[in-house]
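Structure first, then comments.
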Amino acid sequence: MEELKQLNGISTADTEHLQVSYKENELSISYIDWQEKSVKLIFKDVLGYRVGQFNNNTERNDSAYEVLNSDWLKEFKIDDTKKEYHHYKLAFNDFRDCVIDIVSTSYIAI
C-alpha cells in the first residue's frame, strides 16, 4: 500500500512562475514560493515524470512528498541495482491543482 512521506523544507504552496525543464536525465523545477523566495529543485537520473491533476483527499495539494511503496515505481524495469530510485510527488495548489510525479535517484534543492 502506498504511503506519503512529506519532504521537509519544500513548500509548493501559492507558487508563482512555475517552470519545468528536462535535459540529459535531469528534471529541473523552479518557482517562486509563498514567501517570495526563488526555489529550484533538480532531480537526478530521472526514469520518468508525469504531470496530472490533484485528485486525492488524503494529501495536501500544496506540499511535496516521497511516495513509499509506489505502484508507479514498480512498473519500471530497473536494470541498475547500484542505484536506488524514488517516487517524488509535487502538488501545486495555485496551478489548477497541478501534480508532478517524478521517478529519480535523488534531488537537490537550491
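The values are calculated or read from the model by the stated rules, or taken from the named source; none is laboratory data. Predicted model only: the values in this text are computed from it and were never measured. Here the Cβ positions follow ideal geometry from the backbone for every residue, glycine too, while neighbour counts run over all protein chains shown.
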Going through region 73-110 in order, the residues found to be within 14 Å of the chain's Cα centre (by Cα), over 20 Å from His17 (Cα atoms) and exposed (fewer than 15 other Cβ atoms within 10 Å of the Cβ) are Ser106
State yes or no: is Gly9 part of a strand (DSSP E or B), of a type outside the set (Phe, Trp, Tyr) and over 16 Å from Asp101 (Cα atoms)?
yes
Where in region 34-110 are there strands (runs of 3 or more DSSP E), lying fully within it, with 2 or more residues that are of a type in the set (Ser, Thr, Tyr)?
63-68, 106-109
Say whether the condition of being surrounded by fewer than 18 Cβ atoms within 10 Å (Cβ to Cβ), basic (Lys, Arg), at pLDDT 95 or above and within 12 Å of the chain's Cα centre (by Cα) is met by at least one residue in region 50-57.
yes
